[in-house]
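One structure is given here, and the rest of the page talks about it.
The values are calculated or read from the model by the stated rules, or taken from the named source; none is laboratory data. These numbers were taken from a predicted model, which means no experiment stands behind them. Positions of Cβ are backbone-derived with ideal geometry, glycine not excepted, and every protein chain shown enters the neighbour counts. When the accessible area is computed, the model is the full protein with side chains, heavy atoms only, and any ligands, DNA or RNA have been set aside. Shrake-Rupley method; radii C 1.70, N 1.55, O 1.52, S 1.80 Å.
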Amino acid sequence: MGRVSQAQAEANRRRVVDTASRLFREQGTHVSVADLMKAAGLTHGAFYKQFASKEALVDEVTAHAFDEIARRNAAGLERHDGQRDAAQRALIDAYLSVEHRDNAADGCPVAALATDIARGPEGREARRTYAEGVADFAAFLAPAEAVADGEGVGGGEGGLARLCTLVGALVLSRATQGSPLSEEILAAAQAALTEAD
């Protein structure tokens, strides 16, 4: 069997990162390397040609997932002609939807990776990246007046409170899925976040 070209190796690496990003959000970072590579359509041995360790992959996937959030938020602002309130409202509506609840693989890494990141060692790159991503996401959610005032990390209390409400509601609605409470949680969080609009 011949050597893989540099372009093919890079494409394989992207495929592994994309596959891991979905699987980690859906099942957690405990997914085995063998299962991950099978899902990516590659051999188990190919993993170690691309990554020094599974921890290195978790670091890269965490960064990839938060880059995805930043791109989505920027696109939301663009779709709403820079109108921050409209972009935030659209995000809240999509975030607290049944579709988002039911599709963890493509969903928010803040909610999906929280437990795995919390259980990992404090000095890990993934934990640093996660903390920065949470702060950036909260800053995007901060009320316009908090942004104008230059309030602290994550846009101050307003952005952090909004993010905590979104993430908490999503996690609870997923945990209670199949009961009427699940959709009530989503509706209650949406009402709490949009009642001032």
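Please get the size of the charge dipole for the chain, origin at its Cα centre, with Cβ charges of +1 on Lys and Arg and -1 on Asp and Glu, quoted in debye to the nearest 20. Could the numbers behind the result be given before it?
Details: 21 positive and 29 negative charges, 222 e Å.
Charge dipole, the chain, about its Cα centre: 1060 debye, nearest 20.
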query = Rounded to the nearest whole Å², what accessible area per residue is found for the range 1-158 with the 1.4 Å probe?
reply = 55
key: Fraction of accessible area attributable to carbon and sulfur, the range 15-63 (%, probe 1.4 Å)   = 52
key: Listed residues Ser182, Ser97, Ser32 arranged by accessible area, highest first, probe 1.4 Å   = Ser32, Ser97, Ser182
key: Listed residues Arg79, Arg124, Arg119 arranged by accessible area, highest first, probe 1.4 Å   = Arg119, Arg79, Arg124
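Contact order normalised by length for the chain, with contacts defined as Cα pairs under 8 Å and 6 or more residues apart; what percent is it?
Values: 204 pairs, mean separation 39.1, N = 197.
In percent, rounded to a whole number, it is 20.
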ask   = Using θ = phi - 60° and the Karplus form 6.51 cos²θ - 1.76 cosθ + 1.60, what ³J(HN,Hα) does each residue of the range 49-64 get, whole Hz, x for Gly and Pro?
value = 7, 9, 9, 5, 6, 5, 4, 5, 5, 4, 4, 5, 5, 4, 4, 4
query = Can you give the Rg and Dmax of the chain based on its C-alpha atoms, in angstrom?
reply = 18.4, 63
message = From the phi angles alone, apply the Karplus equation (6.51, -1.76, 1.60; θ = phi - 60°) to the range 180-186 and give each ³J(HN,Hα) in whole Hz, x where the residue is Gly or Pro.
response = x, 4, 4, 6, 5, 4, 4
ask   = In deg cm²/dmol and to the nearest 500, what is the mean residue ellipticity at 222 nm of the chain if only DSSP H runs of at least 4 residues count, each as -39500 (n - 2.57), divided by the residue total?
value = -24000 deg cm²/dmol
ask   = To the nearest 10 square angstrom, how much accessible area does Thr62 have with a 1.4 angstrom probe?
value = 0
Residue-by-residue Karplus 3J(HN,Hα) for the range 94-108, coefficients 6.51, -1.76, 1.60, Hz, glycine and proline x = 5, 5, 9, 9, 4, 4, 5, 4, 7, 10, 4, 4, 9, x, 6
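Going from most exposed to least, what order do Glu184, Glu68 have by accessible area with a 1.4 Å probe?
Glu184, Glu68
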